[in-house]
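Colleague: Provided herewith is a single structure, encoded as structure tokens, for subsequent inquiry.
The values are calculated or read from the model by the stated rules, or taken from the named source; none is laboratory data. Note that the structure is predicted; figures quoted are calculated from it, not measured. Every residue, glycine as well, gets a Cβ built from its backbone with ideal geometry; the counts of neighbours run over all protein chains shown. Protein only, heavy atoms only, side chains kept; ligands, DNA and RNA dropped before computing areas. Shrake-Rupley method; radii C 1.70, N 1.55, O 1.52, S 1.80 Å.
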Amino acid sequence: MTYSKESLRIVFFGTPDFAVESLRRLVEGGYNIVGVVTMPDKEAGRGHKLLQSPVKQYALEHGLKLMQPEKLKNPQFVAELESLHADLQIVIAFRMLPEVVWSMPPLGTFNLHASLLPKYRGAAPINWAVINGETETGVTTFFLKHEIDTGDIIQQRKIAIADDDNVGIVHDKLMVMGAEMVIETVDAIIDGTVKPIPQDQLCNAGAEATAAPKIFKDTCKIDWNRPMRDVRNLVRGLSPYPAAWTEITDANGTVHTAKVFEAALTETGTNGRQPGTMTNDNGRLLVTCADGTLEITQLQLAGKKRMSAADFLRGFAIN
């Protein structure tokens with residue numbers, strides 16, 4: 001069967017802003033989006049107001065058919081999805097699909113993943129690439145199969161990670177690059193020029209398969225016994241969200257929790273200080289790591305606003 005972008009029936013799965021950019025490119029490019037699937041609304045804040053996902057907001061603003069199933073194997077949802085007669089499904093930053101869903105369209109279901117697969121398979125590929133000090137990452141489109149993030153690769157594109165990039169900067173670069181590649185992938189599928197490459201083939205050729213598990217609160221706690229570069233990479237890899245955190249003791253002995261958004265390498269050597277020792281050096285907040293000193297430049301105490309370390313130290317006496 002011959003397809004065009006106007007006749008190819010696409011169902012789009014996604015939830016956060018990262019997915020919205022691709023959906024926007026598809027809609028503005030005239031592609032035929034016959035349905036959008038996103039997460040159910042979540043309660044947020046003290047008032048327990050229902051929070052709509054960015055993908056839902058975009059779909060409603062543009063009059064797209066919207067589905068928000070609690071369970072993806074629900075027979076009613078599966079029947080509704082089948083009724084759309086999709087030729088192709090696209091998944092970006094969504095939960096794992098059951099086979100009954102991803103195997104439905106005749107042209108398959110492809111995913112946009114924010115790493116150079118097989119590296120960083122999992123829920124937080126951008127975070128872990130920065131946390132691990134990688135100097136490059138990228139985006140991959142691949143066809144879904146049973147095991148998560150293991151399907152045959154359609155396209156890949158690389159991007160450099162600068163030494164001062166945090167995860168927010170890398171996220172935004174990959175979001176734009178990924179949206180461009182989604183369009184390229186759809187066009188290649190329409191043209192019949194796709195030649196998927198099995199990831200096992202890349203692994204056999206020397207590519208390393210690594211994991212990018214979900215980020216939890218304990219993941220974000222700073223261990224000052226680590227080398228200073230590792231600590232700085234953790235801060236970069238979690239900034240601005242969810243943010244690395246540590247505990248700071250004031251002059252009265254009260255322990256405060258603080259998120260750390262920016263940190264800079266200063267000097268090697270510990271000068272005999274134990275890891276975790278904090279010092280006010282003329283308005284600079286210095287912390288001793290395993291092999292040197294790190295300067296915290298942006299932080300936020302629990303319940304307070306984000307501020308520079310200099311402003312913080314003007315109103316906070318360190319023990």
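Colleague: Consider only pairs whose beta carbons are under 9 Å apart and that are at least six residues apart or on different chains; among these, list those whose first residue lies in segment 165-180 and is modelled with pLDDT under 95 and whose second residue is open to solvent by 50 Å² or more (accessible area, probe 1.4 Å) and of a type outside the set (Gly, Ala, Ser).
Modeller: The qualifying pairs do not exist here.
Colleague: Give the residues of segment 127-145 that are open to solvent by 20 Å² or more (accessible area, probe 1.4 Å) and either under 12 Å from the mean Cα position of the chain (by Cα) or closer than 17 Å to ALA93 by Cα (or both), sorted by residue number. Reasoning before the result, please.
Modeller: Initial filter on segment 127-145 (open to solvent by 20 Å² or more (accessible area, probe 1.4 Å)): 127-128, 131-136, 143-145.
ASN127, TRP128, PHE143, LEU144, LYS145 - these are the residues of segment 127-145 that are open to solvent by 20 Å² or more (accessible area, probe 1.4 Å) and either under 12 Å from the mean Cα position of the chain (by Cα) or closer than 17 Å to ALA93 by Cα (or both).
Colleague: Among the candidates ASP200, ASP165, ASP152, which residue alone is surrounded by fewer than 15 Cβ atoms within 10 Å (Cβ to Cβ) and among the acidic types (Asp, Glu)?
Modeller: Details: ASP165 fails: surrounded by fewer than 15 Cβ atoms within 10 Å (Cβ to Cβ); ASP152 fails: surrounded by fewer than 15 Cβ atoms within 10 Å (Cβ to Cβ).
The unique qualifying residue is ASP200.
Colleague: Among the residues of segment 233-246, is there at least one that is open to solvent by 30 Å² or more (accessible area, probe 1.4 Å) and hydrophobic (A, V, I, L, M, F, W, C)?
Modeller: To start, the set of residues in segment 233-246 that are open to solvent by 30 Å² or more (accessible area, probe 1.4 Å) comprises 240-242, 245.
Narrowing the set further to residues that are hydrophobic (A, V, I, L, M, F, W, C) leaves 245.
Yes - at least one qualifying residue is present in segment 233-246.
Colleague: Continuing with this model, one more query. Return only the number of the condition from (1) of a type in the set (S, T, N, Q); (2) over 30 Å from ASP311 (Cα atoms); (3) out of contact with any Phe, Trp or Tyr (no Cβ under 8 Å at 6 or more places or on another chain) that ASN225 does not satisfy.
Modeller: (2)
Colleague: Is there a residue in segment 273-289 that is farther than 20 Å from ASP164 by Cβ and hydrophobic (A, V, I, L, M, F, W, C)? Outline the logic, then answer.
Modeller: Initially, segment 273-289 is screened for residues farther than 20 Å from ASP164 by Cβ, giving 273-283, 288.
From what is left, the residues that are hydrophobic (A, V, I, L, M, F, W, C) are 278.
Yes, that holds for at least one residue.
Colleague: If you don't mind, another one. Quick check on segment 61-87: of everything there that is under 24 Å from the mean Cα position of the chain (by Cα) and not in a loop (DSSP other than H, G, I, E, B), which residue is nearest to THR150 (Cα to Cα)? Quick ask: steps written out before the conclusion?
Modeller: First, the residues of segment 61-87 that are under 24 Å from the mean Cα position of the chain (by Cα): 66-72.
From what's left, not in a loop (DSSP other than H, G, I, E, B): 66-67.
Values: LEU66: 28, MET67: 26 Å.
Among residues in segment 61-87 that are under 24 Å from the mean Cα position of the chain (by Cα) and not in a loop (DSSP other than H, G, I, E, B), the one nearest to THR150 (Cα to Cα) is MET67.
Colleague: Check GLU247 against each of (1) of a type in the set (Asp, Glu); (2) in contact with a His (Cβ under 8 Å, 6 or more places away or on another chain); (3) touching a residue at least 60 places away in the same chain (Cβ under 8 Å) and name the one condition it does not meet.
Modeller: Just one mismatch for GLU247, condition (3).
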